[in-house]
Amino acid sequence: MNFVVSSTTLLKQLQTISGVLTTNSTLPILDNFLFEINKQSLRVSASDIETTMKTEFEVESSEAGKICIPAKLLLEILKNLPDQPLTFTINDDNFGIEISYSNGKSKMVGYNGNDFPEIKEVKQKDVISMPGNMLAEAINKTIFAAGNDDLRPVMSGVFCQFTSDEMTFVATDAHKLVRFRKPLASSVNIDFILPKKALNILKNNLTSGEGTEVKITYNEYNAVFSFQNIELTCRLIDGKYPNYEAVIPKENPNVLTIDRAEFYNSLKRVSIFSNKTTHQVSLKISGAELAISAEDIDFANEAKERLTCNYAGEDIEIGFNSRFLIEMLGNLDSDEIQLMMSQPNRAGLIVPINDKTSEGNILMLVMPVMINN
């Protein structure tokens with residue numbers, strides 16, 4: 001089996017799907033790319049069983065067949081080759097692979113392509129279609145809030161809900177929560193929980209998603225994302241997502257309106273002096289002044305800054321984990337934000353004002369921490 005392909009084209013396509021590969025795979029065959037030749041079409045797959053990614057592109061060939069090629073070795077070779085045609089000559093009997101280029105050749109041993117795990121096709125008549133930049137935005141705005149607790153797998157993913165007129169993405173780790181909504185016409189009413197790994201891979205490949213249309217096909221166990229020449233299949237997280245609407249406080253009479261960048265930068269400076277375990281900062285608001293303070297009693301470190309703000313409500317002092325606030329503010333694009341509160345022991349809500357992402361509706365919830373007096 002032989003084929004000819006551009007070194008640059010092949011490297012670019014392999015790098016696109018290489019994010020699926022893991023370093024501690026239980027199946028040695030998964031350390032390989034699966035190459036499937038069908039005349040002038042080459043399909044390359046990478047998998048870790050839970051997530052599989054495929055890319056398909058044209059090559060020069062008149063044959064058909066498949067072989068597994070060691071991923072790490074092949075990527076290293078391609079990274080160190082200038083742009084030129086490569087000729088792959090594959091021995092179907094012993095799976096020997098020879099790569100010929102302008103001033104030399106490389107040899108390696110592959111594996112039987114039939115040993116690569118077969119991913120069952122997801123057959124479902126319902127398809128959700130959406131712009132790639134919209135999906136990338138939804139992932140970007142929520143994925144940072146997803147948890148890492150293996151004992152609560154449903155909270156380690158992002159909850160995705162599609163109705164006839166909008167989509168909702170939700171992520172939470174029980175300390176913070178982000179809900180992102182955007183209008184989207186859909187013919188289905190469906191929800192599922194997507195794993196973080198698949199979402200990160202999608203996000204990385206949709207960064208220039210302007211004009212890219214993504215089709216999502218799904219069944220009870222898997223979802224398939226198809227765009228351009230790429231297909232990503234991931235296993236859905238099994239379980240029921242918590243009732244996140246129930247934890248969002250409805251009455252929040254104390255509303256702080258402040259410049260996002262000023263608040264963000266001040267928190268970053270003050271938090272340097274916070275306790276390295278709790279990362280606690282205190283917000284004391286009265287009138288048009290916000291005092292941000294942090295201290296680490298063990299090392300006699302402390303910092304305090306004052307900012308001008310617009311505030312409606314009773315004077316309040318409330319503590320938060322500074323890392324959560326900084327992360328949330330860093331994932332917003334608006335010039336100003338509102339922090340809505342009720343009591344020092346109740347969750348605070350952060351919403352952007354005149355978000356540059358336009359029609360999107362984003363709400364962030366952060367749980368307070370007890371202030372050390």
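The values are calculated or read from the model by the stated rules, or taken from the named source; none is laboratory data. Nothing here was measured: the structure is a model prediction, and the numbers come from that model. Cβ atoms come from the backbone with ideal geometry, glycine included; neighbour counts cover every protein chain shown. Just the protein is used for accessible areas: all its heavy atoms, side chains included, with ligands, DNA and RNA removed. Shrake-Rupley method; radii C 1.70, N 1.55, O 1.52, S 1.80 Å.
The packing ranking of peptides 26-33, 229-236, highest mean first, is 229-236, 26-33, where packing means the average number of other beta carbon atoms within 10 angstrom of each residue. The residues of the stretch 230-328 have, on average, 53 Å² of accessible surface per residue, using a 1.4 Å probe with all protein chains present.
Applying 1/(1 + (r/R0)^6) with R0 = 51 Å to the Cβ-Cβ distance of Asp92 and Ser164 gives a FRET efficiency near 0.45.
Between the helical axis of 7-17 and the longest alpha-carbon principal axis of the chain there is an angle of about 50 degrees. Within the straight-line cut-off of under 25 Å between alpha carbons, the lysines reachable from Lys39 are Lys12, Lys54, Lys66, Lys105, Lys107, Lys120, sequence neighbours fewer than 8 places apart in one chain being disregarded. Stretched out straight at 0.36 nm per residue, the stretch from His175 to Glu76 would grow longer than its current Cα-Cα span by 31.5 nm.
If R0 equals 45 Å, the separation of the Cβ atoms of Glu245 and Lys107 corresponds to a calculated FRET efficiency of about 0.15. Packing order of peptides 271-280, 332-341, highest average first: 332-341, 271-280 (average count of other Cβ atoms within 10 Å over each peptide's residues).
Take the chain, connect every pair of alpha-carbon atoms lying under 10 Å apart with a spring to form a Gaussian network, then pick out the residue of Ala46, Ala294, Ala145 with the largest mean-square fluctuation. Among Ala46, Ala294, Ala145, the largest mean-square fluctuation in the Gaussian network model of the chain belongs to Ala294. Using the beta-carbon distance between Gln343 and Ala261 and R0 = 25 Å, what value does 1/(1 + (r/R0)^6) give for FRET efficiency, to the nearest 0.05? For R0 = 25 Å, the calculated efficiency reads 0.35.
The angle separating the long axis of helix 132-142 from the principal Cα axis of greatest extent in the chain is about 50 degrees. Shown for the chain: the carbon plus sulfur share of the solvent-accessible area, taken with all protein chains present and a 1.4 angstrom probe, equals 46%.
Modelled label positions at Asn229 and Val351, each set 7 Å beyond Cα in the direction of Cβ, lie 4.6 nm from each other. In the chain, the calculated helix contribution to ellipticity at 222 nm averages -5000 deg cm²/dmol per residue, counting -39,500 (n - 2.57) for every DSSP H run with n ≥ 4. Judged by the mean number of other Cβ atoms found within 10 Å, the most tightly packed of the peptides 322-331, 61-70 leads the ranking 322-331, 61-70. Length gained on full extension, Lys39 to Ala185, computed as 0.36 nm times the residue gap minus the Cα-Cα distance: 48.6 nm.
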